[in-house]
Amino acid sequence: FKARWWSLNKVKSVCSYCGTGCQLTLGVKDDKVLTTVYDENQGFHNGQLCTRGRFGYQFVNSEKRLATPLIRRNGKLEPASWGEALTAVAEGLKSAEASGSDAVAGLITPRLTNEELYLVRKLYKDVLGSDNLDHSAGYAHSALSAGAFESLGFAASPSTVTDIQKSDLILVVKTDAYETHPVLGFEINLGVKRNGVDLRIISDKKGKLSRLPKAKTYVYKPGNEVFLVNALAKAIVDNNLIDAAASGIAGLEDFKKSLESYTPLQAAEVCGIPAEEIVALATDYAKADKALIILPLGLGYPGHDKTLAQALINLALVAGKIGKEGSGVLIMGEKNNSQGAVDMGIYPAGKGKGASAIIDACSAGTIKALYVIGENPVVSYPNRKKITDALDKVGFLVVQDLFLTETAEKANVVLPACSFAEKQGTFTSVGRIVQHVQKAIKPVGQSRSDFDILNGLSGLLGGATFSDPGKVFAEIAREVNGYAGLSYEKLGQEGALIPVTTRPKFVPAPARQSIAEAGKYALVTGSALYHCGTMSRFGEGPMHVCPEGYAELSREDAAALKIEENDLVKVASAGAEIQLKAKISMRMPKGVVFAPYHFNEQSINTITDGNPVTWVAIRK
Ligand code: SF4
């Protein structure tokens, strides 16, 4: 911290890391962000910030920020003017489009503002005629949103963050909110300690939430969460705990039939949790007056299709837990504007391809131009070899980012973009709260906001242009479901909650079983402070706390393999192997190994295969 607080300009804004949507105040001097602080009167979270929000801002003024646009000439990326770069991008996209609109695709980060995401959608839909638009959440969150859409008629959580404190029982599924969305973890903590909320956790490993008083954690064999959730619903049906209102919801009888093979006894065998514990958990959940399910999932938890969201919504519907305060299902996207990306149409719609299919089509040569904004597929998407091969094959690759990422190094054109501190617009949190982001500093170097870049490109391609983000927001308020009537003035500092209108129905959710491979360990990946690392790896604060990747395993497995803390271990899947430092912990169950997915060096995605579980061998 390099200046006294009173000498700084204070600009209220919204954290750009996770989907919780915490408000914060940036301390600014000489066009540099020197600190972020909390204000206890700010936001639903009473000003609380986690390590990322409080200390993760250094990436904004990092010396590694891209200084100019770059164009590849004779195999090398060389500085270029904005005019040259935008013309090259417009020509590259147009030339690919000549092979058909399906030959163009975009992977767009949900870190952009709603206004920028709306511009992307408009560019692809109205100008390029392509539906091939997705983001990293295509590997998890947008599939879950699609599941919510089929079950509820609304691609968002039917609950919001203030439901946490009003609940009687919270069921957290699969991951630890303390790690993925820490301030929501604090809210759960407050609910438990202050309001006596009962906490139940079903996960493939224990986490920090498991340490809270009276928390009960049920650890299942990795990859079998849908089976377990179906078994909970089956126990509710078989024990006559169905809510009276469920009989009025379409699809109940078919749903009940679909549960026949998910008895608690079968689930005990598949998931590794005793049948009586499954029945007890189902009974506690069904009997709680207000019960909230929380599902914090992101890119580090790949391979989930819509069935997990549908299974959880079925469970909530059969127990009568949707449509009242303190109850429901809260699906938490990983990034700051994951919900906004879904709302603005940045996920596969109609005949469009999702993130995984886009990568396949790049490999097959049917996608000839790929525009990547703020994503770093080489490091953060599963199955690194497949991703790098696909990017090497695509004819024209544009990357728009703050840094020369591992993906940008492969691009034909690189466009330097601005951070959240350099732009104006809105983000929509996982709790469906739309909040105003304020510009605090001028663009760093020659970087431009994604709004300015997309606007310029749209103009070159003959599409619509806007004079400022406010004009785009006015169109969003006319065109996007739930945003009707909103304006920057109405949002004010508090933001506004998007209303939910659900048309629920039961949609059977068949479970894939994950079966252990003899002599192998179940590798699960996830967040350790960073998210995908596109911003946090460029900040001293987060890198100080967690500087490198690791393989975390149980004490029993470590003893059997004669591995000690910090030993270098080899982790191998079919065809690939990496070396990581060992971390030994009490939270890991026997037979399961965890690794964070954010790091480029010894990237765990070198050996993952895109499924929720990759089976690996481990040796010293
Ligand atoms: Fe930022 Fe998420 Fe932390 Fe809140 S919980 S401060 S939004 S990273």
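Only the coordinates and a few stated rules stand behind these numbers; no lab work does. Given the structure is predicted, the values throughout are model-derived calculations rather than measurements. Positions of Cβ are generated from backbone atoms using ideal geometry, with glycine treated the same way; all protein chains shown enter the neighbour counts.
Observations, loosely collected:
- Full-stretch length increase - THR87, LYS216 - with 0.36 nm per residue and alpha-carbon distance subtracted: 40.6 nm
- Tilt relative to the chain, helix 275-287 - C-alpha long axis, 0 to 90 degrees, to 10: 70
- Derived scalar couplings ³J(HN,Hα) [the stretch 250-258; Karplus, 6.51 cos²θ - 1.76 cosθ + 1.60; whole Hz; x for Gly, Pro]: 4, x, 4, 5, 4, 4, 4, 4, 5
- Computed from backbone phi, the HN-Hα couplings of the stretch 411-422 come to 7, 7, 9, 10, 10, x, 9, 9, 8, 4, 6, 10 Hz, rounded to whole numbers (Karplus: 6.51 cos²θ - 1.76 cosθ + 1.60, θ = phi - 60°; Gly and Pro given as x).
- When the listed pairs LYS216/LYS583; LYS570/LYS590; LYS12/LYS423 are checked against a 21 Å cut-off, the alpha-carbon distance exceeds it for LYS216/LYS583.
- J(HN,Hα) series, the stretch 202-208, from Karplus relation 6.51 cos²θ - 1.76 cosθ + 1.60, nearest Hz, glycine and proline x: 10, 7, 8, 7, 7, x, 5
- Its residue count N fixes a reference of 2.2 N^0.38 Å for the chain, and the Cα radius of gyration divided by that reference is 0.93.
- Exposure proxy order (Cβ contacts within 10 Å, fewest to most) of GLU150, GLU78: GLU78, GLU150
- Residue exposure proxy: LYS583, LYS385, ordered by other Cβ atoms within 10 angstrom of their Cβ from fewest to most, comes out as LYS385, LYS583.
- Neighbour counting of Cβ atoms within 10 Å sorts the residues PHE473, PHE55, fewest neighbours leading, into PHE55, PHE473.
- For the residue pairs LYS324/LYS505; LYS193/LYS290; LYS206/LYS335; LYS174/LYS386, alpha carbon separations beyond 19 Å are given by LYS206/LYS335; LYS174/LYS386.
- For VAL437, nonlocal amide neighbours, meaning residues 5 or more places apart or on other chains whose placed amide H falls under 5 Å from its own, are GLY425, THR426, PHE427.
- For the stretch 356-515, taking the reciprocal of the average inverse distance between every pair of different Cα atoms yields a Kirkwood hydrodynamic radius of 18.8 Å.
- Peptides 273-279, 367-373, 342-348 ranked from most to least packed give 367-373, 342-348, 273-279, packing being the mean of other C-beta atoms within 10 angstrom over each peptide's residues.
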